[in-house]
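First up is the structure itself, then whatever we jot down about it.
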């Protein structure tokens with residue numbers, strides 16, 4: 001058979017494998033739109049917050065879900081760390097780390113409790129640190145809480161606020177679970193971010209931040 005007759009077969013083969021290439025992770029970093037700014041004000045951002053809306057970026061990315069399928073979500077973060085967060089999301093996807101859902105916290109009216117109850121991964125929220133009068137790193141857009149039910153905030157006495165997290169107080173490796181040496185923890189550690197799972201006393205297993213606090 002001549003090379004000319006083989007050519008269509010090669011073309012068909014190329015078309016057949018094309019869909020696999022489209023499965024690659026998609027990540028974008030953009031300034032907040034007018035609609036996003038309006039949705040965030042005043043429940044998530046208001047006058048007096050430590051950063052302006054102009055300093056924030058929306059990082060939209062493909063992520064693996066617990067159903068094994070690809071989903072798209074958004075994190076709002078400080079422009080200074082947006083590129084790093086985009087890299088982290090690409091690496092989490094490549095490592096197959098599932099994220100339950102990833103919605104900006106204005107979808108919950110800025111209510112951290114409701115966001116956690118929905119096992120939502122989020123970043124910016126102009127609020128105080130838990131148990132403190134100081135601004136949280138979330139108020140600067142420099143922290144992310146990932147899979148907060150599987151990775152709970154655990155007090156020094158071993159208690160958690162969300163019933164669904166009780167089974168995750170004892171840390172064992174699992175999908176989307178942050179444990180020492182897990183892909184999630186390694187990815188952020190390699191990018192220079194700290195993890196709340198290393199804190200003494202109270203542990204915040206969901207919490208990753210650019211300064212470790």
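What follows draws every value from the coordinates through simple rules; no lab data is involved. Note that the coordinates shown come from a computational prediction; the quantities given were computed from them, not determined experimentally. So basically every Cβ, Gly included, is an ideal-geometry build from the backbone, and we count neighbours across all protein chains shown.
Take every pair of alpha-carbon atoms less than 8 Å apart whose residues are at least six positions apart; their mean separation over the length of the chain yields a relative contact order of 16 percent.
On a C-alpha basis, how far is the centre of segment 152-192 from the centre of segment 50-115 in Å? Whole number, if you could? Computed from Cα coordinates, the inter-centre distance equals 18 Å. Counting only DSSP beta bridges whose two residues both lie in the chain, roughly 90 percent are antiparallel. Classify segment 156-213 from the C-alpha gyration tensor, please: rounded if a/c falls under 1.5, else prolate or oblate depending on whether a/b exceeds b/c. Since a/c reaches 1.5 but b/c is at least a/b, the shape of segment 156-213 is classed as oblate. Considering segment 84-159 at the alpha-carbon level, its Rg and Dmax are found to be 13.0, 38 Å. Rounded to the nearest 500, the helix-only mean residue ellipticity at 222 nm of the chain stands at -7500 deg cm²/dmol, with each DSSP H run of n ≥ 4 adding -39,500 (n - 2.57).
Available extension along the chain between residue 95 and residue 46 is 14.0 nm, counting 0.36 nm per residue and deducting the alpha carbon span.
Remark: spin-label model distance residue 72-residue 103 equals 1.7 nm, labels positioned 7 Å along the Cα→Cβ axis.
Estimated at 0.36 nm per residue, the fully extended path between residue 191 and residue 37 surpasses their Cα-Cα distance by 52.6 nm. What shape does segment 22-176 have by the C-alpha gyration tensor, where a ≥ b ≥ c are the square roots of the eigenvalues, rounded means a/c under 1.5, and otherwise prolate means a/b greater than b/c and oblate the rest? Judged from the Cα gyration tensor, segment 22-176 comes out oblate (a/c at least 1.5, b/c at or above a/b). Each label point was placed 7 Å from the Cα along the Cα-to-Cβ direction; for residue 62 and residue 132 their separation is 3.7 nm. In units of the rule-of-thumb radius 2.2 N^0.38 Å, segment 141-188 shows an alpha carbon radius of gyration of 1.16.
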